[in-house]
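These notes concern the structure reproduced below.
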Amino acid sequence: MDLHFGDSKPTDDERAAVDALLGPPESSWEGADRSDADLRWARGGREARDRRDLLLPGLHAINDRVGWISDGALDYLCRRLTVPPAEAYGVATFYAMFSVKPRPATVLHVCTDLACAAAGASELCAGIEAGLGPGVHVERSPCLGLCERAPAALAIRAGDPVRTAVSAPATVREAVLAATAPDSAPEEPSAALAVPQAGSSDLILLSRVGVVDPASLDDYRAHGGYTALRRAFELGPAGVIREVTDSGLVGRGGAAFPTGRKWQATASQPDHPHYVVCNADESEPGTFKDRVIMEGDPYALIESMTIAAYATGAHKGYLYLRGEYPRALRRLEHALVQTRARGLLGDDVLGQGYAFDIEIRRGAGAYICGEETALFNSIEGYRGEPRSKPPFPVEKGLFGKPTVENNVETLVNVLPILKMGAPAYAAIGTARSTGPKLFCVSGTVDRPGIYELPFGATLGELLELAGVRDGLRAVLLGGAAGGFVRADEMDIPLTFEGTREAGTTLGSGVVMAFDDTVPLPRLLLRIAEFFRDESCGQCVPCRVGTVRQEEALHRIAERTGAAAADDIALLREVGRAMRDASICGLGQTAWNAVESAIDRLGAYE
Amino acid sequence: MTVTPLGIPRRLLEFTIDGEPVRAPEGSTILDACRSAGKDIPTLCEGDTLTPKNACRVCVVEVEGSRTLVPACSRRAEPGMEVRTDTERARHSRKVVLELLASSVDLSTTPQVAEWIKEYEAKPDRFGPDAARLNEEPKVDNDLYVRDYDKCILCYTCVDACGEQWQNTFAISVAGRGFNARIAVEHDAPLTDSACVYCGNCIEVCPTGALSFKSEFDMRAAGTWDESAQTETTTVCAYCGVGCNLTLHVQDNEIVKVTSPHDNPVTHGNLCIKGRFGYQHVQNRG
């Protein structure tokens, strides 16, 4: 590969940002000044190209320092990593949090997604834009995962170090303050505030949130931390997989695939190395449970990943964290340093002669990267486009190697399974949906937050806990990729089989309530807009289909009955092809919520 | 004459297509098997010299047991598979995909697509006059070839041909996301400021005419492009000793473009700047 670089040069700041990540360049072949020795030998090639996965961290380094990615900065990063600039440009322009055009150092992301929209995000946006000077770039953002405190805003100020501030629930004044003075913004409330049941003895997954100090490893151990890992070492890898299989645990990210089977399939692959990937790219609108676990109980996730790695024979794990979660990033980074220092990660975990370590990779604003194979591409330094399956990740995943990928909630379930044993765990919930389940309740309820209930509780019971208000019109289950149910369907049991029988889905555990003050057509438009924005653009049904759906919804925004019938028929036809022919789950589910609103709620009758 | 190596013998897999038993060599795709069985399945992004990207989704078929339709071009045939190529479900998806494509880009120079639109009764107009389109002006920034992204269906074949599959130049990539995704060189610069080496292999694989010779582009604009009046002559490139095959497309005794046979076992249709574009000396234009 003969790379071509233009004559654009990085500024000193941009060069420093890249060098802080990669170390200084060793020769002119990777961006240093040319010396006589450089003319006699060449370095780079395969060795340098193998560092391609540092492209995304490199783009973050520049964006964090300067606020945007200039031609010179991008070219310098490409020289350092032997990545063709056209490809790196394709990657940089893929992610919403990066800009390749100049912009102010401070970006204020104001969430305009479902829960925030219901809480008045558009008025908030207008007020903020009126109240802020040209020094801040205001970005209307998809869900920031702060739905329990809607409406929400996140300020990011580039510099060394980068500063962030969250304002939620946001007022115009507080959001403007967060953007203009992120250093003096008040500390966010404790993660426990997102857990209305905090401190209750019934909790299993959330038992430590708000109880332990998330910065203290000792405190975590004092509350039962690392007993599950000890138990795992007693059981051996096959024993751990047996327990997880017997527990009946299925993935909590939405697909509900049996976790034990996934682990077994990865563990038995002859190809090595194996990888463990934690999908913490929680971007489904209305979902914030993973954030609360990572902020409130970060060591639990690290312990769970260690167990998953031990069971599947992996020595390296990646924690892919969504870019909009700065506090979770800080807490996890701190927790990693502590666990390494105490021998709970590294060459000899718990003195058992087993090596494992975790690297955090930050996403940069792309819902599609929550799709498992798109996530691999993103880590590897490619555009976050999904791969076609087969081959499946257990066979060819990250870097083409056998990989087990689980989301945060799935992983932390492994701790109680090992602590209480598979039979006791399987006794919780129903026969086909075992264990405890987290639900992210938001919208028009009195006590939004994360609720932990055994599978089998009904939708009505959950909403009762959260303080459902009078005039409930509809409930969105499973987020934007899920479906609406009516206010008179409160007896739907919250299990995988129960929701399936009721013709809907549990998805990622989103329960978003909307009363009759929320304009339904506008909500549906927002969902369509979300999928149009978040489609990666790789396959035609999704790339063009999401646009055509949004157009049709715009046309019928003010219409009902016969006037809307043509466009509804069109929506159905396009939706059916998207569900059948799209490459990945994004395109396949993009029509679900709108379809359910038409069929179950009679949205345009 | 081109010689096609036979390769090592392969096992035959048995499965069914539309209820009829077929046998295909191990490693074949469903599309390979369908073509051997005489089934006509439309394809756009599938290039005969490239690994299929399965991005366009017009070749979808039904496979028993699969929740969604599967792309025939890239899914490998498996023993016992039950494939159905012409069900209402598959035809519906193909129809909608053709409508979505034809409503967003200009398919006027895409071979065969007009036939498929007729066959599947696709009506691209039904999304209304305000349906978003690309509506981009052709990029004419050099004398060799033109990029008309208004015709681009984002099939990735040019990216793959420029990148690791053939040319290893990596001058172009997909930039942006969703409906705003576009084929672009680094920093969205003109081609002349990019890493492009003008091999023209991207033109060779482009299925829609989004990439074309400047000569073809100019003649189309002038209304003088007439494929029926052209002759094709395959010869050997005289520039160096590799011996690449050139196919000269001649109209009115002038070479109007140069392609290369894809079944050539050495070049697989690829050429360099000289073979592809260096034909002016033949014509003594003065």
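The values are calculated or read from the model by the stated rules, or taken from the named source; none is laboratory data. Being a predicted model, the structure only gives us computed values, none of them experimental. Positions of Cβ are generated from backbone atoms using ideal geometry, with glycine treated the same way; all protein chains shown enter the neighbour counts.
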**OP:** Could you tell me whether region A:147-170 includes any residue that is surrounded by fewer than 23 Cβ atoms within 10 Å (Cβ to Cβ) and part of a strand (DSSP E or B)?
**Re:** yes
Subject >> Check on A:L59, within 17 Å of B:E186 (Cα to Cα) and more than 12 Å from chain B (Cβ to nearest Cβ) >> reply: yes
**OP:** Scan (1) without any contact (Cβ under 8 Å) to a residue 40 or more places away in the chain; (2) in contact with a Cys (Cβ under 7 Å, 6 or more places away or on another chain) for the single condition B:C196 breaks and write down its number.
**Re:** (2)
**OP:** Kindly indicate whether A:G498 is surrounded by fewer than 23 Cβ atoms within 10 Å (Cβ to Cβ) and more than 14 Å from every other protein chain (Cβ to nearest Cβ).
**Re:** yes
Original post:
When the residues of region B:76-86 are filtered to those that are touching a helix residue (DSSP H, G or I) at 6+ places or on another chain (Cβ under 9 Å) and surrounded by fewer than 23 Cβ atoms within 10 Å (Cβ to Cβ), which remaining residue is nearest to the other protein chains (Cβ to nearest Cβ)?
Top reply: B:R76
Original post:
Out of A:D213, A:D271, which single residue is in a loop (DSSP other than H, G, I, E, B) and in contact with an Asp or Glu (Cβ under 7 Å, 6 or more places away or on another chain)?
Top reply: A:D213
Original post:
Which of the following residues is among the basic types (K, R) and farther than 15 Å from B:R126 by Cα: A:R548, A:R555, A:R572, A:R579?
Top reply: A:R579
Original post:
Quick one: what pairs do we get from region A:371-382, first residue of a type in the set (V, I, T), second assigned to a loop (DSSP other than H, G, I, E, B), C-beta under 6 Å, 6+ apart or different chains?
Top reply: A:T373/A:P386; A:T373/A:R387
**OP:** Could you check region A:312-410 for strands (runs of 3 or more DSSP E) lying wholly inside it with 1 or more residues that are within 30 Å of A:E187 (Cβ to Cβ) and among the aliphatic types (A, V, I, L, M)?
**Re:** A:314-321, A:357-362
**OP:** Determine which member of the set B:T109, B:T49, B:T43 is hydroxyl-bearing (S, T, Y), within 18 Å of A:A581 (Cα to Cα) and under 15 Å from the mean Cα position of the chain (by Cα).
**Re:** B:T43
Original post:
Which residues, counting only those in region A:1-12, are farther than 21 Å from A:A86 by Cβ and either within 14 Å of chain B (Cβ to nearest Cβ) or without any contact (Cβ under 8 Å) to a residue 60 or more places away in the chain (or both)?
Top reply: A:D12
Subject >> Top-ranked residue of region B:171-198 - restricted to ones that are crowded, with 23+ Cβ neighbours inside 10 Å and under 19 Å from B:I273 (Cα atoms), ranked as farthest from the other protein chains (Cβ to nearest Cβ) >> reply: B:C196
Original post:
Can you tell me which residues in region B:123-158 are in contact (Cβ under 8 Å) with a residue 40 or more places away in the chain and within 13 Å of chain A (Cβ to nearest Cβ)?
Top reply: B:A132, B:C152, B:I153, B:L154, B:C155, B:Y156, B:C158
**OP:** Check B:K214 against each of (1) without any contact (Cβ under 8 Å) to a residue 60 or more places away in the chain; (2) surrounded by 11 or more Cβ atoms within 10 Å (Cβ to Cβ); (3) charged (D, E, K, R) and name the one condition it does not meet.
**Re:** (1)
**OP:** Tally the residues that are at pLDDT 95 or above and over 21 Å from A:R532 (Cβ atoms), restricting the search to region A:106-123.
**Re:** 3
Original post:
Only one residue in A:A569, A:A562, A:A593, A:A603 is more than 9 Å from chain B (Cβ to nearest Cβ), farther than 21 Å from B:A90 by Cβ and surrounded by fewer than 19 Cβ atoms within 10 Å (Cβ to Cβ). Which one?
Top reply: A:A562
Original post:
Using beta carbons and a limit of 6 Å, which pairs, at least six apart or on different chains, have the first residue in region B:252-269 and at pLDDT 90 or above and the second one loosely packed, with under 14 Cβ neighbours inside 10 Å and acidic (D, E)?
Top reply: B:H262/B:D48
Subject >> Filter result for A:Y318 (in contact with a Ser or Thr (Cβ under 8 Å, 6 or more places away or on another chain), within 28 Å of A:G509 (Cα to Cα), of a type outside the set (A, V, I, L, M, F, W, C) and buried (at least 21 other Cβ atoms within 10 Å of the Cβ)) >> reply: no
**OP:** May I ask you to list pairs of residues, at least six apart or on different chains, whose Cβ atoms are under 9 Å apart, with the first in region A:163-183 being over 22 Å from A:R447 (Cα atoms) and the second being of a type in the set (S, T, Y) and outside any strand (DSSP E or B)?
**Re:** A:A165/A:S184; A:L177/A:S184
**OP:** Check region A:409-423 and report whether any residue there is free of Cβ contacts under 8 Å to residues at least 40 places away in the same chain and crowded, with 24+ Cβ neighbours inside 10 Å.
**Re:** no
Original post:
What helices (runs of 4 or more DSSP H) lie completely within region A:38-120 and have 3 or more residues being hydrophobic (A, V, I, L, M, F, W, C)?
Top reply: A:55-66, A:71-81, A:85-92, A:114-118
Original post:
If A:E371 satisfies every condition in (1) surrounded by fewer than 21 Cβ atoms within 10 Å (Cβ to Cβ); (2) in contact with a helix residue (DSSP H, G or I) (Cβ under 7 Å, 6 or more places away or on another chain); (3) acidic (D, E) but one, which is the exception?
Top reply: (1)
Original post:
Residues of region A:10-25 being surrounded by 14 or more Cβ atoms within 10 Å (Cβ to Cβ) and part of a loop (DSSP other than H, G, I, E, B), which ones?
Top reply: A:P10, A:T11, A:P25
Subject >> Conditions (1) more than 29 Å from A:G509 (Cα to Cα); (2) modelled with pLDDT of 95 or more: number failed by A:P182 >> reply: (2)
Original post:
Mind checking which residues of region A:547-605 are outside any helix (DSSP H, G or I) and of a type in the set (D, E, K, R)?
Top reply: A:E558, A:R559, A:R600, A:E605
**OP:** Would you point out which residue out of A:P102, A:P25 is more than 14 Å from every other protein chain (Cβ to nearest Cβ) and in contact (Cβ under 8 Å) with a residue 12 or more places away in the chain?
**Re:** A:P25
Original post:
Being over 30 Å from B:S74 (Cβ atoms), within 13 Å of chain B (Cβ to nearest Cβ), without any contact (Cβ under 8 Å) to a residue 40 or more places away in the chain and not in a loop (DSSP other than H, G, I, E, B), is that true of even one residue in region A:524-535?
Top reply: yes
**OP:** Considering (1) more than 10 Å from chain A (Cβ to nearest Cβ); (2) out of contact with any His (no Cβ under 9 Å at 6 or more places or on another chain), say which one B:W166 fails and leave the rest.
**Re:** (2)
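Among the residues of region A:63-77, is there at least one that is more than 14 Å from every other protein chain (Cβ to nearest Cβ) and at pLDDT below 95?
No: region A:63-77 contains no residue that is more than 14 Å from every other protein chain (Cβ to nearest Cβ) and at pLDDT below 95.
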